[in-house]
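*Asks:* There's a structure below that I have some questions on.
The values are calculated or read from the model by the stated rules, or taken from the named source; none is laboratory data. Everything quoted here is computed from the prediction, not taken from an experiment. Counting neighbours? That spans all protein chains shown, and the Cβs are built from the backbone with ideal geometry, glycine included.
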Amino acid sequence: MRPAWIRGWVPVRPGYWFARKRYGWGAVPATWQGWALMLATLLVAGCIAKLTQRSALYQLLFLPLFVGTLWLCWLKTDGGWRWRWGDKD
């Protein structure tokens, strides 16, 4: 649950973690779950990079992490992903 003064910044419907971007393509985190997913992805990617020292194993482990994160972001975005340009859309 977000405080009332934050709730209006990036409104999303219940059950969604990301809001559509106003300009461009994609989404931005709008709830604590979205921010937690982004932080967890960065931490896991950093651990993979540190433990594998950027070998071929790094690529094999990083690719499913990246694809899975993108899939979850796409699934949990309120409004979908498409190109937008301000209030024209």
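*Asks:* Would you call T77 out of contact with any strand residue (DSSP E or B) (no Cβ under 9 Å at 6 or more places or on another chain) and hydroxyl-bearing (S, T, Y)? Walk me through it before giving the result.
*Replies:* On the way: out of contact with any strand residue (DSSP E or B) (no Cβ under 9 Å at 6 or more places or on another chain): no; hydroxyl-bearing (S, T, Y): yes.
It is false that T77 is out of contact with any strand residue (DSSP E or B) (no Cβ under 9 Å at 6 or more places or on another chain) and hydroxyl-bearing (S, T, Y).
*Asks:* Please determine whether any residue of the stretch 24-33 is in contact with an Asp or Glu (Cβ under 8 Å, 6 or more places away or on another chain) and among the small types (G, A, S).
*Replies:* Within the stretch 24-33 (the criterion being in contact with an Asp or Glu (Cβ under 8 Å, 6 or more places away or on another chain) and among the small types (G, A, S)), the answer is yes, since at least one residue qualifies.
*Asks:* Of everything in the stretch 33-66 that's aromatic (F, W, Y) and farther than 30 Å from R13 by Cα, which residue is modelled with the highest pLDDT?
*Replies:* Here is the first cut: in the stretch 33-66, the residues aromatic (F, W, Y) are 35, 58, 62, 66.
From what's left, farther than 30 Å from R13 by Cα: 58, 62.
Numbers: Y58: 82, F62: 88.
Applying the filter and picking the extreme gives F62.
*Asks:* Can we say W81 is among the hydrophobic types (A, V, I, L, M, F, W, C), in a loop (DSSP other than H, G, I, E, B) and either surrounded by 13 or more Cβ atoms within 10 Å (Cβ to Cβ) or modelled with pLDDT of 85 or more (or both)?
*Replies:* yes
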